[in-house]
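Report on the structure given below.
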Amino acid sequence: MAYYDLKKKPALTTKEGEKEVLYPQIITAGTIDAKELLDLTAKFSGFRKGDIEGVLISLFDTVTHLINRGFRVELGEFGYFTGKVTSSRLVEKNTDIHAQSVKFNNVNFRPSATFKKALDGKLSRSPTIGFRQSSNLSMEELEKRLIAYLDENGFINIVKYTALTGRLKWKAAQDLKYFVEKGVIESRGKGNQKHYIKTKQS
């Protein structure tokens, strides 16, 4: 499950006389870096991690080469990548600018209809807990702290995990579920007795 919160529409985009409105915004559960993505893809697909990494490197080289040649590139069901350009200055006449002052500066990504349709997971409003903010540590750092704690103490519960990482309880639950699915830890017990231990492979 993913969480969202409601944000006020920025004043600059609110027309005169228009009522202040709220819009939903996704709350990220953390960042999955390239290494973790490779591990998860290898685990769920059966392909070797090295093979997947090789394909990604080759795709990066090929896609950037084609974009540099002016192509829009479709990457499977992900969508389309298109290069963006900028100039060193603005001009009034098209004769006042030269090719040397125009360069690539960004990439536009347009997701495919299939990609957008696949985003159909469950959503829930994030719990409101005063003004307290959840820590924004990377998943790699969270995993390091978790493993270090388990190496020393043998097991951990959600209360200890929140104290260890500074994560709010609902985010801590997401983290622990993710680490179970990744095969780093396994859960034992139920309810108030639920706790987590390292798997034999971690």
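When the Gaussian network model of the chain links Cα atoms closer than 10 Å, the mean-square fluctuations of LEU38, LEU119, LEU176 top out at LEU119.
For the stretch 159-202, the residue among ALA172, HIS195, GLY183 whose Cα projects farthest onto the positive side of the dipole built from Cβ charges is HIS195.
Which of ILE156, ILE52, ILE67 moves the most in a Gaussian network model of the chain with Cα springs under 10 Å? With Cα springs under 10 Å in the chain, the top fluctuation among ILE156, ILE52, ILE67 is at ILE67.
Among VAL102, VAL63, the ranking by other beta carbons within 10 Å of each residue's beta carbon, starting with the fewest, stands as VAL102, VAL63. For the stretch 133-198, a simple Cβ point-charge model (Lys and Arg +1, Asp and Glu -1, everything else neutral) yields a dipole of about 320 debye relative to the Cα centre. How much FRET efficiency would the formula 1/(1 + (r/R0)^6) give for SER135 and ARG110, where r is the Cβ-Cβ distance and R0 is 41 Å, rounded to 0.05? Result of the calculation: an efficiency of 0.80.
The residues neighbouring THR82, those whose beta-carbon lies less than 13 Å from its own, together hold a net charge of +3 under the Lys/Arg +1, Asp/Glu -1 convention. About its Cα centre, the dipole of the chain is roughly 620 debye, where the only charges are +1 on Lys and Arg Cβ and -1 on Asp and Glu Cβ. The mean sequence separation of alpha-carbon pairs under 8 Å and at least six residues apart, normalised by the residue count of the stretch 133-198, gives a relative contact order of 34 percent.
Only aspartates and glutamates eight or more places from LYS84 in sequence, or on another chain, were considered; those with a Cα closer than 18 Å are ASP61, GLU74. Comparing SER135, ALA42, GLY76 along the charge dipole axis of the chain, the residue lying farthest to the positive side is SER135, per the Cβ-charge model. Within the listed set LYS43, LYS122, LYS35, the Gaussian network model of the chain (springs between alpha-carbon atoms below 10 Å) gives the highest mean-square fluctuation for LYS122. Across the stretch 164-177, computed HN-Hα scalar couplings (Karplus, 6.51 cos²θ - 1.76 cosθ + 1.60, θ = phi - 60°) run 6, 10, x, 7, 5, 4, 5, 6, 4, 5, 5, 4, 5, 5 Hz from first to last residue, x flagging Gly and Pro. Sorting the segments 177-185, 70-78 by their mean number of nearby beta carbons within 10 angstrom, highest to lowest, gives 177-185, 70-78. For the chain, averaging the sequence separation of C-alpha pairs within contact (under 8 Å, six or more residues apart) and dividing by the residue count gives a relative contact order of 18 percent. The alpha carbons of the chain give a radius of gyration and a Dmax of 22.9, 74 Å, in that order. A viscosity of 1.567 mPa s and a temperature of 4 °C, combined with the Kirkwood radius over C-alpha pairs in the Stokes-Einstein formula, give the stretch 133-198 a diffusion coefficient of 111 µm²/s.
Bear in mind these aren't lab numbers, they're just calculated from the coordinates by the rules spelled out. Model, not experiment: these values are computed from the prediction. We place every Cβ from the backbone using ideal geometry, glycine too, and count neighbours over all the protein chains shown.
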